[in-house]
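> Shown below is the structure under consideration.
The values are calculated or read from the model by the stated rules, or taken from the named source; none is laboratory data. All values reported here derive from a predicted model rather than from experimental measurement. Counting neighbours? That spans all protein chains shown, and the Cβs are built from the backbone with ideal geometry, glycine included. Ligands, DNA and RNA are excluded from the accessible area calculation, which covers all protein heavy atoms including side chains. Shrake-Rupley method; radii C 1.70, N 1.55, O 1.52, S 1.80 Å.
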Amino acid sequence: MADRAVTPLFRRMAVIGLGLIGGSLAKTVREKGLAETVVGFDRREDELALGVSLGVIDEAADSLASAVAGADLVVIAVPVQAMASVLASIRPQLSDDVLLTDVGSTKGSFVAAVKDVFGHWPDWVIPGHPIAGSEKSGIAAARTDLFAHHKVILTPADGSRQDLLGRLTALWQGCGATVLTMTVDRHDEVLAATSHLPHLIAFSLVDTLAGEDDNLDIFRYAAGGFRDFTRIAASDPVMWHDIFLSNRDAVLRVIDHFTDDLGALRSAIESGDGDMLLQVFGRAKAARDHFSKMLSGQAYVTNMNQKQVTFKLQAGGTVAGDIRVPGDKSMSHRSIMLGALAEGVTEVTGFLEGEDSLATLQAFRDMGVTIEGPDQGYVRIRGVGLHGLKAPRGPLYVGNSGTAMRLFAGLLAGQDFDSELTGDDSLNKRPMGRVADPLRQMGAVIETGEGGRPPLKIRGGQALKGLHYDMPMASAQVKSCLLLAGLYADGETSVTEPAPTRDHTERMLNGFGFSVERKGATARLSGGGRLTGGAIDVPADISSAAFFLVAASITPGADLMLRHVGVNETRTGIINILKLMGANIEVFNEQEVGGEPVADLRVQHAALKGIRIPEDQVPLAIDEFPVLFIAAVCAEGETVLAGAEELRVKESDRIQVMADGLSAVGIKSTVTEDGIVIVGGQQMKGGQVNSHGDHRIAMSFAVASLRAEGDIEVTDCANVATSFPNFVELAQQVGMRITVEESS
Ligand code: NAP
């Protein structure tokens, strides 16, 4: 016997039915030492003998009665339709100090058999179902890794003995499984939908095609999709016939539901209703794409990149050409939101597939909006109007996006249906009171989780009334949330902010033809209007353009055109500061797109000089400082940054990490409490820089290599792909000597 490292949980375990599941459980329990002795019983003597010789069981019992006698754990592992007769046979040998369980795929039928045989459901009977298996059956297929990393569902009654439930849980966990509990009815419903119906469809489809006259041809040409889809039709027919008869009612309910939905698709095809097809397929594709993330409570795009990414930079290089950097994150997100609420079609180009926008896209699909894409920055939204959203079937999951949750809270407060908002583990720890409280003042009914955290349960059908709100803290999210609720409120809603925040929501609402008035620090709108869809070419993100603005400014001979950059004045600190340093940046083709100012920027090399950065520019360039530090190194004289405490609590302590990186390439700087002092004119050398997973720091040192003497290597750069997906390609295109090394 293998490692018996643990104290056995049971003295004597009896397994009835040494097939795939019974055999695998017996073998694993033996190998892990979870029971002192494992006794097996099977109708077939040869299987029993095989059980002993393969090391699956310690002892073979020659009858059901002798298997069960003296056992403190009895596991019934026979087909579900055979459970009742086994129970009836072993009943006389069972005493109150035994734990009786099973592994059957349906639970209602097992409990009915228990009640039938015992007259009630004893507190020592705890049904179970391992969600693991294979198309093989019989003891020869038994494996000790069958349950590892799989789930086991236990369906105890309210009165089941807790000590026994604990020991049974420990047994399955000892076999490597994760244990969940649910009611018998819930189990049968969930399994009917997720396992039984797919098996039925696979059996039926293969049978239909096999019955065609030209079946040989059909199967010969069947592609991978057909093979994947119908793999489960090779499962054991006897077992599945049992399961369908045992879980009759739950299975019939899902078959009816599915048949209705299939019928609706049939009618859509017949009548040429492409909208309906797109809506269903789009929703299904997105759900399938994000399936595992939703289940594991992860964000949509973060953590996707578990690879180690290193930037390798050869010193020198040029910066010339004509490029467009990816779309702005905040605007990509809001374009989906307002496009869905508008009347008519909204076509979005330059869309950035970030966490916020993907979360929002999915939530609107869940509320019945047809959205095509995203496909290389193109998204087409068929708006349903302010009152056209439909109740989602379940909670709306917004991944890691705090912006999505807070903006949706406002929007959903005004709908006539109930809704619930949830997010990934980290979002579920963030406070939502700052939006829930003022929304309640508008008449919204919102329940939050503990401590004002998600999930948010929002009651529909409330008459909202306009509100004037003085924000205690400057927050673009809170402001946007209240303005969106204001679309549905009676009268005027206005928000006053203590310091300027990004005003993309207000501008874009105006762009969609919904008037938002701005006076001083107050934004104001009146409920009851409508939004009109149109085309939105999302402006390129100035925070991404910043790397190229600096790259061209510091590189002799550089001449670069950056197209369609968003130049909203709440974001243009980088341009103002670089100009103060003497940069040569020209602004062309200024225009307004979807309410936002955009322009083309031409930037050429210039001799930069060090400056004391004006404090009023600091909040307008907060994300751009890492690359501004590189500009400061290449400038003549001293550059002083103060009043930037916020930089120390970003994705990393940006000031310290930048100072460390600069020192790795031979540059001295002085870190202060709220900033940094950099003396320009020092020569950068080659070296290795750790970006600490901070995308902006990684890209800043890529820019630094243009003026370094030796090659630079930047580690931990995977996150660049999330904020600036084609950074490396664009950098190569303009003449930077960057390559990427990936390892897992
Ligand atoms: P299996 O490999 O075919 O084994 C079934 C065992 O039950 C065999 O030992 C068989 O004995 C015995 N048996 C059949 N009819 C019997 C009867 N009337 N009286 C006494 N014993 C009888 O099947 P399995 O895959 O292990 O399935 C066993 C149970 O696990 C079923 O309830 C099934 O629903 C459940 N389950 C299966 C899977 C899966 O994927 N396979 C997954 C989870 C749960 P013989 O050797 O005499 O035929």
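> Looking only at the range 118-154, count every residue that is of a type in the set (V, I, T) and open to solvent by 30 Å² or more (accessible area, probe 1.4 Å) and tell me the total.
Selection size over the range 118-154: 2.
> Looking only at the range 125-147, which residues are farther than 26 Å from D185 by Cα and more than 10 Å from the ligand (Cβ to nearest atom)?
If the condition is that a residue be farther than 26 Å from D185 by Cα and more than 10 Å from the ligand (Cβ to nearest atom), then R143, T144, D145 are the ones that fit.
> Sticking with this structure for a sec: Return a yes/no flag: does the range 66-79 have any residue that is open to solvent by less than 10 Å² (accessible area, probe 1.4 Å), farther than 17 Å from G176 by Cβ, within 15 Å of the ligand (Cβ to nearest atom) and part of a strand (DSSP E or B).
The answer is yes, given that some residue of the range 66-79 is open to solvent by less than 10 Å² (accessible area, probe 1.4 Å), farther than 17 Å from G176 by Cβ, within 15 Å of the ligand (Cβ to nearest atom) and part of a strand (DSSP E or B).
> So which of G176, G159 is more than 21 Å from L25 (Cα to Cα) and assigned to a loop (DSSP other than H, G, I, E, B)?
None of the others qualify; the one that does is G159.
> Filter the range 612-645 down to the residues that are farther than 24 Å from V538 by Cβ and open to solvent by 20 Å² or more (accessible area, probe 1.4 Å) and list them by number.
Residues satisfying the conditions are R612, P614, E615, D616, Q617, C634, E636, G637, E638, V640, G643, E645.
> Scan the range 465-515 residue by residue and report those that are more than 25 Å from I622 (Cβ to Cβ) and part of a loop (DSSP other than H, G, I, E, B).
G466, L467, L487, Y488, A489, G491, F512, G513, F514, S515
> Another question, then. Would you kindly identify the helices (runs of 4 or more DSSP H) lying entirely within the range 207-256 that contain at least 2 residues that are of a type in the set (G, A, S) and away from the ligand (no atom under 16 Å from the Cβ)?
The qualifying helices (runs of 4 or more DSSP H) are 224-230.
> Continuing with the same structure: Of all strands (runs of 3 or more DSSP E) completely enclosed by the range 556-668, which ones contain at least 2 residues that are under 30 Å from G533 (Cα atoms)?
Working: elements: 559-566, 584-593, 596-604, 638-641.
Per the criteria, 559-566, 584-593, 596-604.
> I need the full set of residues from the range 80-98 which are more than 10 Å from the ligand (Cβ to nearest atom), closer than 23 Å to N247 by Cα and open to solvent by 20 Å² or more (accessible area, probe 1.4 Å), in order please.
Restricting attention to the range 80-98, the residues satisfying the condition of being more than 10 Å from the ligand (Cβ to nearest atom) are 87-88, 90-98.
This time we only want the ones that are closer than 23 Å to N247 by Cα, so: 87-88.
Across the range 80-98, the qualifying residue is only A88.
> Can you pull out the residues in the range 17-44 that are more than 10 Å from the ligand (Cβ to nearest atom), open to solvent by 10 Å² or more (accessible area, probe 1.4 Å) and part of a helix (DSSP H, G or I)?
Matches in the range 17-44: K27, R30, E31, K32.
> Given the conditions (1) surrounded by 16 or more Cβ atoms within 10 Å (Cβ to Cβ); (2) in a helix (DSSP H, G or I), report the number of the one that H692 does not fulfil.
(2)
> Let me ask another. Please enumerate the residues belonging to the range 48-63 that are open to solvent by 30 Å² or more (accessible area, probe 1.4 Å) and either within 13 Å of the ligand (Cβ to nearest atom) or not in a helix (DSSP H, G or I) (or both).
Answer for the range 48-63, where residues must be open to solvent by 30 Å² or more (accessible area, probe 1.4 Å) and either within 13 Å of the ligand (Cβ to nearest atom) or not in a helix (DSSP H, G or I) (or both): A49, L50, L54, D58, E59, A60, D62, S63.
> Could you go through the range 321-332 and let me know if any residue there is part of a helix (DSSP H, G or I), under 29 Å from M736 (Cβ atoms), open to solvent by less than 30 Å² (accessible area, probe 1.4 Å) and among the aliphatic types (A, V, I, L, M).
Yes, the range 321-332 has at least one match.
> Do we find that T101 is in a loop (DSSP other than H, G, I, E, B) and surrounded by 16 or more Cβ atoms within 10 Å (Cβ to Cβ) in this structure?
Numbers: in a loop (DSSP other than H, G, I, E, B): no; surrounded by 16 or more Cβ atoms within 10 Å (Cβ to Cβ): yes.
Against the criterion (in a loop (DSSP other than H, G, I, E, B) and surrounded by 16 or more Cβ atoms within 10 Å (Cβ to Cβ)), T101 does not qualify.
> A further question on this structure: Determine if the range 104-120 includes at least one residue that is in contact with a strand residue (DSSP E or B) (Cβ under 9 Å, 6 or more places away or on another chain) and of a type in the set (S, T, N, Q).
yes
> On to the next question. What tally of residues in the range 358-370 results from selecting those that are open to solvent by less than 10 Å² (accessible area, probe 1.4 Å) and touching a Phe, Trp or Tyr at 6+ places or on another chain (Cβ under 7 Å)?
2
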